[in-house]
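The values are calculated or read from the model by the stated rules, or taken from the named source; none is laboratory data. Just so it is clear, the structure is predicted and the values come from calculations on it, not from any experiment. Cβ coordinates were reconstructed from backbone atoms using ideal geometry, including for glycine residues, and neighbour counts include every protein chain displayed.
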Amino acid sequence: MDLGYVASGFAVGILVGLTGVGGGSLMTPLLTLLFGVSPTVAVGTDLAFASITKATGTFTHRLRGTVDWHVVRLLCYGALPAALIATLSLKHFGALDKEIGQIIRYSIAGSVLLTVVALLFKSKMLAWLNRHPEKQLQGTQLAAATIVSGVLLGTLVTVSSIGAGAIGATLLVMLYPRMSAAHIAGTDIAYAVPLTAIAAVGHWWLGSINWELLGTLLIGSLPGITIGSMAARAVPEKFLRGLLATTLTIVAAKLVL
């Protein structure tokens, strides 16, 4: 067992517990940059990791009644077919090919930067929507926009393993500004379970999951998430989000350069 992987899983788990930001935006770049894991294997392994941890989170939110299942269905209508198409595209072009790996590396960087935007500007975008209720979508337009968001998220998550956390939550806030924070979190986690599961099975089919690495990461991350969640109230959220946004920006730059 590599203690470096255990320590990394523990550190990412603490940050996820503290900030609520999905582990993909942290774990996938870490595996690629620090440990030299190929981008495709990093994505596949992280998707398997996410499907396990998010299933546990969904069970908790379901018990609390904080999942909007209608919105979950709409997101899945877009996300699940997109995940299948993205997986087939990776298979066709050669997921483990070095050039495709470089494209996936850039996709990870782009997704990380989208996460930074979501972290920094979500509250401002929500405030603007609340000041302009006439701009909020309704009825068929809202349903269509939710499905399109699912397509975007399904593609991003399958290719980069990033998007189901902060980006997904931000899109939900923009589309459903009246939804409570607890329901945003529960709905965001619930739709991500079938999405990450399908994407993980796809990467297993592609041969891009390192199961030994997955087990080692879980050993570190599960206690880390627990500790981070318990300590979340003691650390100012604004400070944490600023620190995380700065770190992710540096990570994205390193991935590109």
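So, S149, is that one out of contact with any strand residue (DSSP E or B) (no Cβ under 7 Å at 6 or more places or on another chain), under 22 Å from A50 (Cβ atoms), of a type in the set (S, T, N, Q) and buried (at least 24 other Cβ atoms within 10 Å of the Cβ) or not?
On the way: out of contact with any strand residue (DSSP E or B) (no Cβ under 7 Å at 6 or more places or on another chain): yes; under 22 Å from A50 (Cβ atoms): yes; of a type in the set (S, T, N, Q): yes; buried (at least 24 other Cβ atoms within 10 Å of the Cβ): no.
For S149, the condition - out of contact with any strand residue (DSSP E or B) (no Cβ under 7 Å at 6 or more places or on another chain), under 22 Å from A50 (Cβ atoms), of a type in the set (S, T, N, Q) and buried (at least 24 other Cβ atoms within 10 Å of the Cβ) - is not met.
Given the structure, is V193 in a helix (DSSP H, G or I), at pLDDT 80 or above and either surrounded by fewer than 15 Cβ atoms within 10 Å (Cβ to Cβ) or not small (G, A, S) (or both)? Spell out the reasoning first.
On the way: in a helix (DSSP H, G or I): yes; at pLDDT 80 or above: yes; either surrounded by fewer than 15 Cβ atoms within 10 Å (Cβ to Cβ) or not small (G, A, S) (or both): yes.
Criteria met by V193.
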The stretch 153-171 - residue that is in contact (Cβ under 8 Å) with a residue 40 or more places away in the chain and surrounded by fewer than 24 Cβ atoms within 10 Å (Cβ to Cβ) and, of those, farthest from V16 (Cα to Cα): T155
Residue in the stretch 64-78 that is at pLDDT 90 or above, small (G, A, S) and closer than 24 Å to G207 by Cα present: no
In the stretch 51-76, the residues that are buried (at least 18 other Cβ atoms within 10 Å of the Cβ) and closer than 27 Å to A144 by Cβ: K54, T58, H61, T66, V67, D68, V71, V72, L74, L75, C76
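Going through the stretch 112-142 one residue at a time, which ones are farther than 20 Å from G242 by Cβ and not hydrophobic (A, V, I, L, M, F, W, C)? Even if it seems obvious, please write down each step before you answer.
Applying the first criterion (farther than 20 Å from G242 by Cβ) to the stretch 112-142 yields 128-142.
Once the filter is applied, which keeps residues that are farther than 20 Å from G242 by Cβ and not hydrophobic (A, V, I, L, M, F, W, C), the stretch 112-142 yields N130, R131, H132, P133, E134, K135, Q136, Q138, G139, T140, Q141.
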Any chance L120 is at pLDDT 80 or above, over 14 Å from the mean Cα position of the chain (by Cα) and either surrounded by fewer than 19 Cβ atoms within 10 Å (Cβ to Cβ) or of a type in the set (D, E) (or both): no
Some residue of the stretch 245-252 being in a helix (DSSP H, G or I), closer than 25 Å to T58 by Cβ and without any contact (Cβ under 8 Å) to a residue 40 or more places away in the chain: no
In the stretch 213-255, residue modelled with the lowest pLDDT [restricted to those that are surrounded by 19 or more Cβ atoms within 10 Å (Cβ to Cβ) and of a type in the set (S, T, N, Q)]: S221
